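A short worksheet on the structure shown next.
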Amino acid sequence: MESVIKKFLLSTLLVLWLVSFPFTGQTWAQSPTPTASPTETASPAATVSPSPSVSPTTTSAPTSSDVVTLTKEQKEALDKLLAPAPAASPINSGDTAFVLVAAALVLLMTPGLAFFYGGLVRTRNVLNTMMMSLLLMAVVGVTWVLWGYSLAFDVSVKVPEFGQGIEKFIGGLDWAFLNGVKFTEPDPVGYAGTIPHAVFMVYQMMFAIITPALISGAIVERMSFKAYFWFILLWSTLVYSPLAHMVWGRGLLQELGSLDFAGGTVVHISSGVAAVVAVLMIGSRKDFATRPHTPHNVPYVLLGIGILWFGWFGFNGGSALAAGPLAAVAIVATTVSTSAGGLTWLLVEWVLRGKPTAVGIASGFLAGLVGITPAAGFVMPIGAILIGSITAVCCFIAVSLRAKFKFDDSLDTFSVHGVGGTVGAMLTGVFATKIAFGGDAPLGLLDGNPILIWKQFEGVAITYVFAGIATFIILQVLKLFMDLRVAPSIEEQGIDLPVHGEEGYGSEFGSGVFISQSPTES
């Protein structure tokens, strides 16, 4: 019995061994050798024989059926798949769209200014007055591309460094004719890191267009259109571009720490000071002291201020150069400051003169807009309300004094833009706060940094001196080559028909007869 059991167990083991042999053989054949290289183990052409008689370290030679041939298209697809991922573009489509829309809004402000100024003059000069604004869209739109932008923003350093030597005052010419200004990359200096360089350029162009147009309000109804043409061409090149560079282009005023978010010094103070110099050099209108000069079309004035306010959202909000919290701060500040300015002017006029006027509330809105411009991205809403209200009071006093002293700043360019820009710049030193702008460093007086008031004064003073002297020199040079005024007979009749050959409403000079002028009187 015992021998039978032994035979049975032996037979069972033999059967199990025979059954399991093929499986153990496959396992041995598939076991990788410990010394195989990564290239050998990963090669798709290498095959392993399942035969148990073959050594585990030996592989068979590849056959034609084991090699995979890729087509050209498959190889290209595989190369693209295996290629390293391209670096992410810094361009942000949302920021780009925001600044493009802001640029369009700022451009719209120039026709708005044309309506605002056009409604304030007499009927016979409405076209000439509006043309003085629209002319800038033609002239600066070209000169900014050719040389203006480069002079304003071309600098050899990168943020946070500042220009040295001549670059403290004016940029270079490396970007003349938009050389190196790309549509696919941000500017190399670091002005706006999430939008194309060309978008930054065209946005800044809109500021360069409207700034000289503001000056025209002081010398309407008497300046020669030819002299004005050459004046704005030279002024935009020799005054605006250097100031823009000093304030925004890593120049002197920016290095001093003077804050100007959207153009209190660059736009409003410079144009206001230039207006005073122009009035002093050209003189008053011949009938300024003997005839009333009331607005001929108040609805034009209201339409103009409405367009200006709408465009100012791009002016101040777009100066954040990105669609983010800072743009929101600027737009909210712009809204409430403008409202406060209009309300304050209305109430002051109502109390002191007995009647609230449409031109008065429009002037108050404009004062609020001008005052908040340098501060828009630095102040909270309550500070913005105070800036708008204080600026409106100061501008109201300036307008009243201008009339009292019979100074023919015809449409109150200095009284609103010069005074408003100055007040707004100084109040920026008071109300600017890191809560609005961001960062850890205190900004203004209420933030515990009173030194900013002095820095703001430095910026204002330098702008006054530079803009005043440069404007005087430009007009003095032009005076050597042409008359700055139209002929007395044309001034008496009105400039529209003699100079432009057309009239605003087709009624005042319906006969079509006008006094001819010599080439020097245009």
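The values are calculated or read from the model by the stated rules, or taken from the named source; none is laboratory data. Here the structure is a predicted model, which is why all the values come from computation and not from measurement. Backbone-built Cβ (ideal geometry, glycine too); neighbour counts: all protein chains shown. Only protein heavy atoms, including side chains, enter the accessible area calculation; ligands, DNA and RNA are left aside. Shrake-Rupley method; radii C 1.70, N 1.55, O 1.52, S 1.80 Å.
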Requested in this report: Could you please give the count of residues in segment 161-189 that are open to solvent by 100 Å² or more (accessible area, probe 1.4 Å), farther than 22 Å from Val99 by Cα and assigned to a loop (DSSP other than H, G, I, E, B)?
Outcome: 4
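Give the residues of segment 210-234 that are open to solvent by 10 Å² or more (accessible area, probe 1.4 Å) and over 16 Å from Leu134 (Cα atoms), sorted by residue number.
Leu234
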Query raised in the report: Which one of these is over 26 Å from the mean Cα position of the chain (by Cα), assigned to a helix (DSSP H, G or I) and over 17 Å from Gly420 (Cβ atoms): Leu343, Leu347?
Result: Leu347
Query raised in the report: Out of the residues in segment 337-356 that are β-branched (Val, Ile, Thr) and within 24 Å of Gly272 (Cα to Cα), which is most open to solvent (accessible area, probe 1.4 Å)?
Result: Val348
**Report entry** Residues that are over 14 Å from Leu280 (Cβ atoms) and touching a Leu at 6+ places or on another chain (Cβ under 8 Å), drawn from segment 456-476
**Finding:** Gln456, Glu458, Gly459, Ile462, Thr463, Phe466, Ala470
Query - Residue that is nearest to Val393 (Cα to Cα), among those in segment 320-340 that are part of a helix (DSSP H, G or I) and of a type in the set (Gly, Ala, Ser) - result: Ala340
Requested in this report: Answer with yes or no whether Phe207 is open to solvent by 10 Å² or more (accessible area, probe 1.4 Å) and hydrophobic (A, V, I, L, M, F, W, C).
Outcome: no
Query raised in the report: Yes or no: Thr143 of a type in the set (S, T, N, Q) and assigned to a loop (DSSP other than H, G, I, E, B)?
Result: no
Report summary line: For segment 464-504 the number of residues that are open to solvent by less than 10 Å² (accessible area, probe 1.4 Å) and more than 25 Å from Leu233 (Cα to Cα) is 0
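Results for (1) out of contact with any strand residue (DSSP E or B) (no Cβ under 6 Å at 6 or more places or on another chain); (2) among the hydrophobic types (A, V, I, L, M, F, W, C); (3) open to solvent by 10 Å² or more (accessible area, probe 1.4 Å), shown as yes or no for each residue.
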| residue | (1), (2), (3) |
| --- | --- |
| Arg250 | yes, no, yes |
| Gln254 | yes, no, yes |
| Asp260 | yes, no, yes |
| Gly263 | yes, no, no |
| Gly272 | yes, no, no |
| Ala275 | yes, yes, no |
| Ser284 | yes, no, yes |
Query raised in the report: Which of the residues belonging to segment 83-117 are of a type in the set (Val, Ile, Thr) and within 12 Å of the chain's Cα centre (by Cα)?
Result: Thr96, Val99, Val101, Val106
Query - Selection within segment 113-129 - open to solvent by 30 Å² or more (accessible area, probe 1.4 Å) and either within 18 Å of Lys226 (Cα to Cα) or among the charged types (D, E, K, R) (or both) - result: Arg122, Arg124, Leu127
Query raised in the report: Wholly within segment 368-463, which helices (runs of 4 or more DSSP H) include no fewer than the required count, namely at least 2 residues that are open to solvent by less than 30 Å² (accessible area, probe 1.4 Å) and farther than 23 Å from Leu256 by Cα?
Result: 381-404
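Filter segment 473-491 down to residues that are among the β-branched types (Val, Ile, Thr) and within 15 Å of Phe225 (Cβ to Cβ), then give me how many there are.
2
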Report task. Just one of (1) within 20 Å of Thr413 (Cα to Cα); (2) open to solvent by 20 Å² or more (accessible area, probe 1.4 Å); (3) not in a helix (DSSP H, G or I) trips up Arg291, so point out which. Result -> (1)
**Report entry** Test: residue in segment 460-483 that is in contact with a Ser or Thr (Cβ under 7 Å, 6 or more places away or on another chain), more than 22 Å from Ser133 (Cα to Cα) and modelled with pLDDT of 95 or more
**Finding:** yes
Requested in this report: State whether the residues of segment 368-376 include one that is closer than 30 Å to Asn297 by Cβ and either without any contact (Cβ under 8 Å) to a residue 40 or more places away in the chain or among the polar types (S, T, N, Q) (or both).
Outcome: yes
Report task. Any residue in segment 162-190 that's among the acidic types (Asp, Glu): show its pairings with residues that are buried (at least 16 other Cβ atoms within 10 Å of the Cβ) at Cβ separation under 6 Å, as long as the two are six or more apart or on different chains. Result -> Glu167/Val155; Asp174/Asp154; Asp187/His197; Asp187/Phe200
Query raised in the report: Val155: within 18 Å of the chain's Cα centre (by Cα) and closer than 16 Å to Leu253 by Cβ, yes or no?
Result: yes
Report summary line: Going through segment 115-161 in order, the residues found to be touching a Leu at 6+ places or on another chain (Cβ under 7 Å) and either modelled with pLDDT under 95 or under 22 Å from Arg285 (Cα atoms) (or both) are Phe115, Phe116, Tyr117, Leu120, Ser133
